[in-house]
């Protein structure tokens, strides 16, 4: 009787092991079939994921470096004392660094589009009610020359042949903060980079 029970236990263990092997084989077969159908091997998927992760990591490191540059520049220029309103405006924007782009977004919870970031920061830090689109903001603000840029000025860009379709906040040393596009985040960019340099059309000032 004991031998029968022992054999039964062994049989159950063997059945479980067999089921596990079958499941593994099925999963492997499904992955293999999908890789043939999609034309993408699991190794390709791994490499793509690894590349994306590396790019994301590099972007974070770049943003940390740029943020540090901005903070050091502000400290040297003592902007906090010289012009508190400018400082409050850009500081609010920097506090939202890394928030996701969201079309129509105008708060940290949902994320921001480009004009939504300007709208939110002006409202919260300066109690200024700006229009909700970059074009309308440009219409009610004062143009300034590029060589007269000050911290807190607005930079406007022509994206896809659409004048005043993008806006950011000038920080210092050719750097500005903005919410660029879907899939990206509020970030610091340089107006000296070829893309933004080509797209730049005007600078305006909302703070007197």
Test result for residue 121, over 15 Å from the mean Cα position of the chain (by Cα), crowded, with 19+ Cβ neighbours inside 10 Å and under 25 Å from residue 197 (Cβ atoms) = yes
Go through the residues of the range 125-143 one by one and say whether even a single one is within 26 Å of residue 64 (Cβ to Cβ) and surrounded by fewer than 14 Cβ atoms within 10 Å (Cβ to Cβ).
-> no
Strands (runs of 3 or more DSSP E) wholly inside the range 131-189 that include at least 3 residues being free of Cβ contacts under 8 Å to residues at least 40 places away in the same chain | 162-172
Based on what the data block shows, is residue 192 assigned by TED's automatic domain parsing to the domain that holds residue 86 and part of a strand (DSSP E or B)?
-> no
Kindly indicate whether residue 115 is closer than 18 Å to residue 184 by Cβ and not in a helix (DSSP H, G or I).
-> no
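The values are calculated or read from the model by the stated rules, or taken from the named source; none is laboratory data. Computed from a predicted model, the values in this text were never measured in an experiment. As a convention, Cβ positions derive from the backbone with ideal geometry for all residues, glycine included, and neighbour counts pool all protein chains shown.
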